[in-house]
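The values are calculated or read from the model by the stated rules, or taken from the named source; none is laboratory data. Computed from a predicted structure; not experimentally measured. Methodologically, a virtual Cβ is constructed for each residue, glycine included, from the backbone with ideal geometry; neighbour enumeration extends over all protein chains shown.
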Amino acid sequence: MSVLTYLIPISLFLGGVGLVAFFWSLKSRQYEDPKGDGERILSDEYDDHPKA
Amino acid sequence: MTVSPAIGAASAASEAFEDHVSASACPACLAAPSAEQMAKSGDIKGARLMLSLPTAHCAVCITDVERELARQPGVRSARVNLTLKRVSVDAEHGVESAPLIAALDRIGYEAHELDAGMLSATETDKRGRDLLMRIGVAGFAMMNIMLLSIAVWSGAEAATRDLFHWISAAIALPTVIFAGQPFFVSAWGALRGGRLGMDVPISLAIILASAISVFETIKHGHHAYFDAAVMLTFFLLVGRYLDYRTRAVARSAAEELAALEVPRATVLRDGAEVVVPVGDLRPGDLIRVRPGGRIPADGEVTLGSSETDRSLLTGETLPVYVGPGAMLSAGEVNLTGPLTLRVTAAGKDSSLHRMADLVAMAESAKTKYTSLAERAARAYAPIVHLLSFTAFGVWMWLTGGDLRFAINISAAVLIITCPCALGLAVPAVVTAASGRLFRKGLLIKDGTALERLAEVDTVVFDKTGTLTMGTPKPENLGDLSAQDLAVAAALAAGSSHPLARALAEGTVAVGCAPATLDDLREVPGYGVEGRWQGQIARLGRADWIGAAPGNSTATHLKIGAQAPITLRFADSLRPGAEVAVAALIAQGKRVLLVSGDVEGAVAALAQRLGIAEWHAGALPQEKAALVADLTAQGARVLMVGDGLNDTAALTAAHVSVSPASALDAARTASDIVLLGQDLSPVADAVGIAVQARRRIKQNFGISILYNAIAVPIALIGLATPLAAALAMSASSITVSLNSLRLK
């Protein structure tokens with residue numbers, strides 16, 4: 001069972017990475033226009049700044 | 001978004017109002033006074049304008065709108081938010097929204113100005129993000145704890161189980177403390193207020209589950225409910241967030257639709273024109289109102305003659321001639337000539353304010369609607385507490401005082417009955433339904449509006465501006481010779497009177513080129529005059545032209561010594577009005593038409609739309625009284641109206657709808673705002689609301705069913721953390737899926 005000493009911290013760490021990524025996406029306002037973001041990919045205009 | 005652009009937007013918006021006053025005669029673009037608007041304005045470089053785009057729906061719309069706006073002078077950048085159907089424009093100081101709206105209109109996009117109450121909008125965004133963050137934390141914790149719990153459930157023993165319980169505790173306790181705060185705060189508030197809301201059993205269950213799990217962990221027990229505590233928090237937060245978002249989206253768009261008010265008036269003091277806030281007007285002040293401007297206070301005309309449009313106050317479509325001595329009410333729009341007024345009543349005494357009093361009265365007469373969720377919570381909270389305490393008492397007695405066992409049972413009961421599904425039952429359906437309505441162009445301002453809409457059996461429509469567009473269209477252009485038409489077109493181009501503008505647009509539409517006129521001039525209050533091939537040509541009022549006055553909306557043309565020609569106008573029907581009325585009648589609703597307009601116009605419209613019951617010449621009080629009467633007879637009334645004269649009736653109705661072009665006061669009074677021009681979604685909305693209510697009831701049924709199975713198991717002491725987790729997630733997921741079935 002000593003493998004648990006590695007696996008549990010690893011799983012918590014990976015989960016934590018996901019959580020931090022979620023915070024980042026939230027802070028950079030990526031959930032404010034889900035519909036528009038989906039449509040924008042069809043636009044020909046090159047958009048270097050995804051978020052206003 | 002920071003604070004400063006929001007204030008900038010406020011200042012830009014208030015400047016935009018001043019521009020409206022001088023440049024636009026569109027009655028829907030102007031409205032009554034507000035001192036509040038003034039207070040918000042400030043001088044800050046750069047402005048952020050918000051425009052609502054009800055018709056935007058695809059990638060091409062985004063590109064078109066952004067490109068067109070970026071081309072406008074002074075605009076730095078524009079960004080469309082398709083989810084909220086609005087565009088935020090970053091512009092230099094002094095850029096106004098009116099030209100931007102006009103530019104969008106030219107490329108075929110309907111746009112409305114959104115108010116600069118952006119400060120509060122950012123606040124609410126922050127709350128939404130805060131809730132999302134708590135959901136994220138709870139979700140993270142739930143998954144990790146579940147991973148450990150599954151190991152325990154599948155047979156981890158002794159030291160391993162204890163270790164897993166300890167790790168779970170280390171994750172769960174901070175999570176519950178952080179993510180559960182919204183429930184704890186509101187439960188505490190309810191308890192202090194002596195109430196027992198839904199949040200009290202929720203908080204109790206979360207806290208009890210955590211506490212008992214810690215205790216069991218210390219005692220090397222078999223069962224720990226850490227996963228249940230966190231899962232509970234997660235699902236309930238999701239429900240809370242859906243609920244919040246529905247309200248926030250509606251609030252931000254509906255209440256920020258531009259206030260469109262005249263915050264200032266031009267006062268003559270010692271012969272000089274001074275601009276003052278409307279709130280500072282005193283009876284006896286002399287005020288000047290330019291053509292296109294809205295009358296800021298009640299007054300008597302002392303100088304000048306003109307015509308006024310009082311359609312938003314009374315529903316009359318015909319402009320009214322005014323000259324010295326005429327009494328005007330605040331809210332009327334001056335159409336053709338400059339007027340000087342002596343203020344007779346301002347502020348609290350003005351007719352606008354009396355209208356507001358009428359609304360306040362209707363408001364207080366209205367009984368508070370108890371939503372399905374509130375009713376469920378009211379029944380639910382006591383039952384749950386009772387069950388839990390009974391279980392505790394009975395097991396104490398049965399086991400002869402085994403406190404640990406009894407507490408375990410009562411916690412299990414609390415956890416299992418905890419309203420995950422109940423908490424999701426209403427918000428999930430309302431979110432799905434309001435999303436569908438939003439795509440159809442309807443904005444729900446009030447959470448219970450959907451439920452109230454489902455109960456409607458009687459629909460009362462206003463005429464001007466609701467069933468009709470409130471803009472006239474020439475009817476008999478075909479009767480004119482090409483030559484007369486050309487002269488009429490040239491004369492019409494010389495005035496900004498609504499009829500003249502409608503005529504000018506009408507002649508362009510039939511492909512007529514205006515004739516060349518000399519000495520073109522507008523005679524305020526009468527019409528336009530010019531010289532065509534040496535003869536005097538006039539377009540205007542019947543008595544000025546020498547024509548017989550009629551009782552329909554008309555203007556008259558006379559060229560030289562020819563007999564006068566009457567040009568008749570009809571108010572054009574709002575698109576979708578026929579469909580909406582027909583669909584409502586087909587649904588078995590009783591449909592009524594109530595208007596302040598003259599009998600002929602109302603009767604004609606009623607006949608055209610197939611409405612059997614109609615009332616003409618109704619005063620604002622009479623409209624409200626009619627709605628109150630219907631309500632007293634047991635009818636559930638849906639009122640659809642746009643004018644100030646409808647405001648009291650809108651408030652008195654069970655549920656109300658107003659178009660986006662409506663006056664601010666009317667929009668505020670109504671529960672649902674129609675974003676586009678089309679009226680047909682109103683009928684669909686009723687159908688969707690009925691369906692939504694059915695789904696909500698089904699959801700309650702589902703959660704009751706789950707409880708009926710799980711509670712007895714918990715009561716007899718057979719509930720394990722696994723059973724609790726299964727019941728909780730299964731019921732929440734079924735309820736969510738059922739809500740998504742809404743078609």
Subject >> Restricting the range B:699-743 to residues that are surrounded by 15 or more Cβ atoms within 10 Å (Cβ to Cβ) and closer than 30 Å to B:Val581 by Cα, the residue that is modelled with the highest pLDDT >> reply: B:Ser739
Original post:
How many residues are within 17 Å of B:Ala205 (Cβ to Cβ) and part of a helix (DSSP H, G or I) when one looks only at the range B:686-743?
Top reply: 18
**OP:** Name, by its number, the condition in (1) polar (S, T, N, Q); (2) within 23 Å of B:Asn645 (Cα to Cα); (3) surrounded by fewer than 24 Cβ atoms within 10 Å (Cβ to Cβ) that does not hold for B:Thr466.
**Re:** (3)
Original post:
In the range B:83-96, is there at least one residue being within 29 Å of A:Gly18 (Cα to Cα) and either modelled with pLDDT under 85 or at the interface with chain A (Cβ under 10 Å from one of its Cβ atoms) (or both)?
Top reply: yes
**OP:** Check the range B:56-79 and report whether any residue there is over 22 Å from the mean Cα position of the chain (by Cα), modelled with pLDDT under 85, over 18 Å from A:Glu39 (Cβ atoms) and of a type in the set (A, V, I, L, M).
**Re:** no
Original post:
Tell me, which residue of the range A:31-47 that is acidic (Asp, Glu) and part of a helix (DSSP H, G or I) is nearest to the other protein chains (Cβ to nearest Cβ)?
Top reply: A:Glu39
Subject >> Boolean, B:Leu242 is in a helix (DSSP H, G or I) and at pLDDT 85 or above >> reply: no
Original post:
Which of the following residues is in contact with a Gly (Cβ under 9 Å, 6 or more places away or on another chain) and modelled with pLDDT of 80 or more: B:Leu557, B:Leu584, B:Leu573, B:Leu503?
Top reply: B:Leu557
Original post:
Applying the selection to the range A:1-30, what residues are closer than 30 Å to B:Val87 by Cβ and either within 7 Å of chain B (Cβ to nearest Cβ) or outside any loop (DSSP other than H, G, I, E, B) (or both)?
Top reply: A:Ala21, A:Phe22, A:Phe23, A:Trp24, A:Ser25, A:Leu26, A:Lys27
**OP:** Go through the range B:52-106 residue by residue and tally those that are polar (S, T, N, Q), in a loop (DSSP other than H, G, I, E, B) and surrounded by 22 or more Cβ atoms within 10 Å (Cβ to Cβ).
**Re:** 0
Original post:
Can you spot a residue in the range B:542-552 that is of a type in the set (D, E, K, R), out of contact with any Lys or Arg (no Cβ under 6 Å at 6 or more places or on another chain) and at pLDDT 85 or above?
Top reply: no
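Return yes or no: is B:Ala141 at pLDDT below 85, in a helix (DSSP H, G or I) and within 10 Å of chain A (Cβ to nearest Cβ)?
So B:Ala141 fails the test.
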Original post:
When you scan the range B:609-628, how many residues do you find that are within 26 Å of the chain's Cα centre (by Cα) and assigned to a helix (DSSP H, G or I)?
Top reply: 9
Subject >> Among the residues listed as B:Thr431, B:Thr507, B:Thr464, the single one being touching a helix residue (DSSP H, G or I) at 6+ places or on another chain (Cβ under 8 Å), part of a helix (DSSP H, G or I), closer than 28 Å to B:Gly596 by Cα and polar (S, T, N, Q) >> reply: B:Thr464
**OP:** Go through the range B:144-172 residue by residue and tally those that are within 10 Å of another protein chain (Cβ to nearest Cβ) and either crowded, with 16+ Cβ neighbours inside 10 Å or more than 18 Å from B:Ala209 (Cα to Cα) (or both).
**Re:** 11
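Among residues belonging to the range B:183-199 that are of a type outside the set (Gly, Ala, Ser) and either out of contact with any Phe, Trp or Tyr (no Cβ under 9 Å at 6 or more places or on another chain) or modelled with pLDDT of 90 or more (or both), point out the one that is surrounded by the most Cβ atoms within 10 Å (Cβ to Cβ). It would help to see each step written out before you state the result.
Initial filter on the range B:183-199 (of a type outside the set (Gly, Ala, Ser)): B:183-185, B:188, B:191-192, B:195-196, B:198-199.
Then drop every residue that is not either out of contact with any Phe, Trp or Tyr (no Cβ under 9 Å at 6 or more places or on another chain) or modelled with pLDDT of 90 or more (or both), which leaves B:183-185, B:188, B:191-192, B:195-196.
Working: B:Phe183: 27, B:Phe184: 16, B:Val185: 12, B:Trp188: 13, B:Leu191: 14, B:Arg192: 8, B:Arg195: 13, B:Leu196: 18.
The qualifying residue surrounded by the most Cβ atoms within 10 Å (Cβ to Cβ) is B:Phe183.
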Original post:
Looking at B:Asp678, B:Asp671, which one is outside the structural domain of B:Gly108 (by TED's automatic domain parsing) and surrounded by 24 or more Cβ atoms within 10 Å (Cβ to Cβ)?
Top reply: B:Asp671
Subject >> Those residues of the range B:472-481 which are crowded, with 19+ Cβ neighbours inside 10 Å and out of contact with any strand residue (DSSP E or B) (no Cβ under 6 Å at 6 or more places or on another chain), in sequence order >> reply: B:Leu477, B:Leu480
Original post:
If you scan the range B:516-547, which residues turn out to be in a loop (DSSP other than H, G, I, E, B) and within 30 Å of B:Met469 (Cα to Cα)?
Top reply: B:Pro524, B:Gly525, B:Tyr526, B:Arg541, B:Ala547
Subject >> Checklist (1) crowded, with 18+ Cβ neighbours inside 10 Å; (2) at pLDDT 50 or above; (3) within 14 Å of another protein chain (Cβ to nearest Cβ) applied to B:Ala116, failing item >> reply: (3)
